[in-house]
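One structure coming up, written as structure tokens, with questions to follow.
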Amino acid sequence: MGSATLSPVPRTVRLTLVREAAGLSRDALAVYAGISPRTVYNIEVRGKQPHRATKRVLALTLGVAVEEIFPTENGGLANETPAEAGRWNRPPRDSAV
């Protein structure tokens, strides 16, 4: 699925279209992505802007580029703050590293 086919579609609808094309319910996507079903609902229905890590995990789970679901002038990651940029590279808190 190319990003050109999704260009005129609002961001809140893109995730729904890609998710449904993958044959997943909101709950199934949440389980596979390791996020809460409420997060998926808030993005799709309420139009909430997810964090950078959430955008990446959703795109990875659905097998598409971040830009296909969250298009912006910054490659889908425009709402990233400096703190979020560093968070992606840190090990998880429960890590022994």
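Sort out which residues of region 31-46 are small (Gly, Ala, Ser) and part of a loop (DSSP other than H, G, I, E, B), and write them in order of number.
34, 36
Out of the residues in region 22-46 that are hydroxyl-bearing (Ser, Thr, Tyr) and surrounded by 15 or more Cβ atoms within 10 Å (Cβ to Cβ), state the one that is nearest to residue 71 (Cα to Cα).
The residue in question is 39.
Related question: Quick check on region 1-21: of everything there that is among the charged types (D, E, K, R), surrounded by 15 or more Cβ atoms within 10 Å (Cβ to Cβ) and at pLDDT 70 or above, which residue is farthest from residue 47 (Cα to Cα)?
For region 1-21, the residue satisfying everything is 19.
Let me ask something else. Count, please, the residues in region 47-74 that happen to be surrounded by fewer than 16 Cβ atoms within 10 Å (Cβ to Cβ) and not in a helix (DSSP H, G or I).
The number of residues fulfilling the criteria is 7.
The values are calculated or read from the model by the stated rules, or taken from the named source; none is laboratory data. All values derive from a computational prediction rather than experimental measurement. Methodologically, a virtual Cβ is constructed for each residue, glycine included, from the backbone with ideal geometry; neighbour enumeration extends over all protein chains shown.
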